[in-house]
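Contents: one structure, followed by commentary.
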Amino acid sequence: MVIRHRHGERSHADALRASVAAARALEAQGRRISRLDIGEPHFPTAPHIIDAAHRAMRDGATKYVSPQGLPELREAIASAQRARGLDAHADEIVVTPGVKPMLMYALASVCHAGDELLVPDPGYPGYIAAARLAGAHVRSYPITRTGDAFGIDLGQLHATITAATRVLVINSPNNPTGMVLETRALEGIAELARRHDLWVLSDEIYSALIYDQEPRRSIATLAGMRERTIVVDGFSKAYAMTGWRLGYAVLPSRLVSPVTALVADGSTCTPPFVQHAGIAALTGPQNGVAEMRRAYRARRDSLVHQLNAIRGMHAVTPPGAFYAFADVSGLMTRNSIVSSADLATNLLHEYHVACVAGPAFGVRGEAHLRFSFAVSRDHLDDALRRLDAWGESLRS
């Protein structure tokens with residue numbers, strides 16, 4: 001299935017932005033909305049990270065710097081990646097003001113006119129936007145639920161690969177499903193990439209947020225994959241630094257120069273005081289990350305329990321990230337609701353709980369709603385009470 005963005009056609013990213021805008025519009029009217037729509041940690045950035053940025057600014061770190069990133073930050077990133085088993089070196093890392101620009105720069109460096117990019121469906125809509133900016137065509141492969149787990153069917157993935165396929169995007173843990181790819185699945189994907197000579201763009205932004213399993217190694221650690229894998233990561237989720245805009249990629253050495261040139265032309269550099277904050281995040285205390293992970297796990301369990309208490313709704317317990325992707329097909333059938341977008345609108349306007357309708361993440365997201373549990377405990381408890389009332393209203 002080739003997805004093309006024609007003039008006037010609404011993209012998945014447009015749908016996601018419209019969902020967030022609808023909640024903000026109600027807040028602007030004075031309504032108190034339970035915001036389970038945005039994937040943003042409610043925790044504040046740790047004080048030692050903020051202090052590092054303040055010191056850097058006072059010390060004059062406010063000028064242009066290398067578009068590749070400060071050597072000290074790149075070395076800290078390389079050290080953190082080596083701790084995960086990835087053979088990474090500072091000269092193979094490029095830093096950007098957020099992950100989104102890196103998606104575009106990385107894809108632009110490997111894609112040519114007519115090339116195809118394979119993206120997960122449901123999946124983060126930013127991949128499609130970056131691919132189109134890079135001039136690539138987009139095809140999707142399915143993320144499917146079997147029993148109580150989401151996963152990738154390697155046979156279905158193989159069937160989507162064509163002679164024009166150039167890049168395969170994977171995201172584990174996955175937004176919106178929370179899926180975490182097992183080692184066997186990663187090995188199968190790696191075998192397909194090697195056989196068909198594909199680049200793999202591995203989005204690992206949620207790698208620090210895995211709850212009931214051991215941390216997973218990157219696909220780039222597998223045989224023959226380091227030289228064909230672009231590992232994309234950042235500081236927003238693990239370190240509660242969404243507004244700082246700090247991302248990076250661990251690249252095969254042959255891509256460092258072209259990606260750095262695109263950074264220089266596109267965004268010049270990443271603010272140096274922000275990079276100093278990143279150094280503090282990686283080299284300072286890590287107990288805050290562990291604390292967030294424990295809190296999210298408890299909030300995940302509460303949310304999933306409440307969602308599954310609503311007749312006609314089924315939510316898989318996500319092993320990673322901070323989203324519950326609930327199947328609402330039974331709820332829609334019982335209440336003669338045509339689309340999950342209509343259901344999300346009803347929940348927002350009648351019970352003031354904001355979530356995101358599944359089609360914002362791809363056509364296979366229909367009949368699903370995504371709920372974020374990256375909110376405070378009090379905020380979540382309020383949302384759970386509203387969800388319970390909403391569920392009761394749908395029974396009558």
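The values are calculated or read from the model by the stated rules, or taken from the named source; none is laboratory data. Small disclaimer: the values here were computed from a predicted structure and weren't measured. Cβ placement follows ideal geometry from the backbone for every residue including glycine, while neighbour counts extend to all protein chains displayed. Areas reflect the complete protein model, heavy atoms only, side chains present, ligands, DNA and RNA absent. Shrake-Rupley method; radii C 1.70, N 1.55, O 1.52, S 1.80 Å.
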Below 8 Å between Cα atoms, with a sequence gap of 6+, how large is the relative contact order for the chain in percent?
25
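If you roll a 1.4 Å probe over the heavy atoms of the protein chains, what accessible area per residue do you get for the chain, in Å²? Don't skip to the answer; put the middle values down first.
Details: 16270 Å² over 396 residues.
Averaged over the residues of the chain, the accessible area is 41 Å².
Above 12 Å lies some portion of the pair distances; for segment 190-248, what is it as a whole percent of all C-alpha pairs? Don't jump to the answer; show the numbers that get you there.
Numbers: 1171 of 1711 pairs.
Considering segment 190-248, 68 percent of its Cα-Cα pairs are separated by more than 12 Å.
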Distance between modelled label sites at ASP381 and GLN29, nm, 7 Å Cα→Cβ extension
2.9
Using only alpha carbon pairs under 8 Å that are at least six residues apart, calculate the relative contact order of segment 74-218 and give it in whole percent.
21
To one decimal place, what Kirkwood hydrodynamic radius in Å is obtained for segment 294-396 from all pairs of distinct Cα atoms?
13.5
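If you build the Cα gyration tensor of segment 87-161 and take the root of 5 times each eigenvalue, what three semi-axes come out, in whole angstrom, biggest first?
Working: eigenvalues 129, 58, 30 Å².
Taking √(5λ) for each Cα gyration eigenvalue gives 25, 17, 12 Å.
Given N residues in the chain, what is its alpha carbon radius of gyration divided by 2.2 N^0.38 Å?
Numbers: Rg = 20.8 Å, N = 396, 2.2 N^0.38 = 21.4 Å.
This ratio for the chain stands at 0.97.
Tell me the net charge near TYR239. Cut-off is 15 Å between Cβ atoms, TYR239 excluded, with +1 for each Lys or Arg and -1 for each Asp or Glu. Don't skip to the answer; put the middle values down first.
Working: positive: LYS237, ARG245, ARG293; negative: GLU40, ASP51, GLU204, ASP233, GLU291.
Within the 15 Å Cβ shell, the charges total -2.
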So if I restrict to the alpha-carbon atoms in segment 1-114, what is the Rg, and what is Dmax, the biggest pairwise distance, in Å?
20.0, 53
Give the Rg (one decimal place) followed by the Dmax (whole number) of segment 343-396, computed from C-alpha coordinates and expressed in Å.
11.9, 33
In nm, what is the difference between 0.36 nm times the number of residues separating PHE43 and GLU350 and their Cα-Cα distance?
107.7 nm
Could you sort 246-253, 299-306, 352-359 so that the peptide with the highest average Cβ count within 10 Å comes first and the rest follow in order?
352-359, 246-253, 299-306
Quick one: which of 63-76, 256-269, 311-324, 151-164 comes out on top by average Cβ neighbours within 10 Å, and what's the full order, highest first?
311-324, 63-76, 256-269, 151-164
Cα convex hull of segment 61-118, projected area averaged across orientations, nm²:
5.6
In whole Å, what are the Cα extents of segment 234-366 along the three principal axes, biggest one first?
55, 35, 29
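Taking only C-alpha pairs under 8 Å that are 6+ residues apart, what is the relative contact order of segment 1-149 in percent? If you can, show how the numbers build up before the last one.
Details: 117 pairs, mean separation 34.3, N = 149.
With pairs under 8 Å counted, the relative contact order is 23 percent.
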Give the dimensionless ratio obtained when the Cα radius of gyration of segment 157-226 is divided by 2.2 N^0.38 Å.
1.11
If you roll a 1.4 angstrom probe over the protein chains with everything in place, what fraction of the accessible area of the chain belongs to carbon and sulfur, to the nearest %?
51
Any idea how far apart ALA309 and GLU72 come out in nm if each label point goes 7 Å out from Cα toward Cβ?
5.0
